[in-house]
Amino acid sequence: MANTSSAKKAVRKIEARTEVNKSRRSRVRTFIRKFEDAIALGDKSAAQAAFKDAEPEMMRAVSNGVIHKNTASRKVSRLAKRLKNMAA
């Protein structure tokens, strides 16, 4: 348990940041899920639209420090690859 007032404040800040980060991570997952659903249905135009929405959302999460830059780049690359293979 935190003893000092600064430690108590730090705990409050961590809880608040955790809630924000959870929300942002959940938002990214939602966009990825929309892309996955479009791929599963075989709807190329919907998949392209979902990809265009998901990619900036992932990079926004990077700029907010929710996920690492390389992680987001890897995920975007894999989504783009799946979109490309869908066309073939």
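Summary of values
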| quantity | calculated |
| --- | --- |
| Residue match in the range 60-83 (condition: buried (at least 16 other Cβ atoms within 10 Å of the Cβ) and not in a helix (DSSP H, G or I)) | yes |
| Subset of the range 35-47 [more than 16 Å from S77 (Cβ to Cβ) and in a helix (DSSP H, G or I)] | D37, A38, A40, L41, K44, S45, A46 |
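Read-outs throughout are calculated quantities, based only on the coordinates presented, and are distinct from any laboratory measurement. Quantities reported herein were computed from a predicted structural model and do not represent experimental measurements. Counting neighbours? That spans all protein chains shown, and the Cβs are built from the backbone with ideal geometry, glycine included.
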